[in-house]
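Peer 1: Got a structure for you, written out below as structure tokens; questions coming shortly.
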Amino acid sequence: MAIPPRDDGKIWTGTISWTASYPVEMVILHKYDNTSASGNATFGKPLTAPFGKGEVAISLVKNPSGTPIPSGSLDFVGNAVAFHTLDGHKFTVTYTADARAEDLSKTSK
């Protein structure tokens, strides 16, 4: 977990840059309340996973850097940010994040 989950009703917004020893994906976790998602029966459900006492929706970001080095830089908004690999390969990642906790309704760029 690069940027820890929030449990105070706020979200993280910012930019993260990284370099890794192996190509990685960035995962942005979003609070997901399945009980209020009435469109599930009609439109389906986003990628989710159990998390803590609830469930999170997951944005999976693969960011090819166009270089031979597995690295990248992205703007993000979410409840938490992590790195992982779809194939389970072990890796080392170094990252720098400029993240602010904000109220969801006040987020702007």
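Nothing in this text is a laboratory measurement; each read-out follows from the coordinates by a stated rule. All of these numbers come straight from a predicted model, not from anything done at the bench. FYI the Cβ positions are ideal-geometry reconstructions off the backbone, even for glycines, and counts take in every protein chain you see.
Peer 1: Taking 0.36 nm per residue of sequence separation and subtracting the Cα-Cα distance, how much length would be gained by fully extending the chain between Thr48 and Ser105, in nm to one decimal?
Peer 2: 18.2 nm
Peer 1: For the chain, what does the helix formula give at 222 nm: sum of -39500 (n - 2.57) over DSSP H segments with n ≥ 4, over the residue count, nearest 500 deg cm²/dmol?
Peer 2: Estimated from H runs of four or more residues: -500 deg cm²/dmol.
Peer 1: Here's a follow-up. By the scheme Lys and Arg +1, Asp and Glu -1, what is the net charge of all other residues having a beta-carbon under 12 Å from that of Gly72?
Peer 2: Result for the local shell: -1.
Peer 1: What order, most packed first, do the peptides 2-8, 48-54 have when packing is the mean number of other Cβ atoms within 10 Å of each residue?
Peer 2: 2-8, 48-54
Peer 1: If you place +1 on the Cβ of every Lys and Arg and -1 on the Cβ of every Asp and Glu, how big does the dipole about the Cα centre of region 10-98 come out, in debye to the nearest 20?
Peer 2: So the dipole magnitude of region 10-98 works out to roughly 160 debye.
Peer 1: Hey, could you get me the Stokes-Einstein D for the chain, Kirkwood radius over alpha-carbon pairs, 10 °C and 1.306 mPa s, rounded to whole µm² s⁻¹?
Peer 2: D, rounded to a whole number, is 105 µm²/s.
Peer 1: Taking the beta-carbon count within 10 Å as an exposure proxy, list Ser105, Ser65 from fewest neighbours to most.
Peer 2: Fewest to most other Cβ atoms nearby, the residues stand as Ser105, Ser65.
Peer 1: Pick from Asp87, Asp75, Asp98: which is most flexible by mean-square fluctuation in a GNM of the chain where alpha carbon atoms under 10 Å apart are linked?
Peer 2: Result: Asp87 has the largest fluctuation of those listed.
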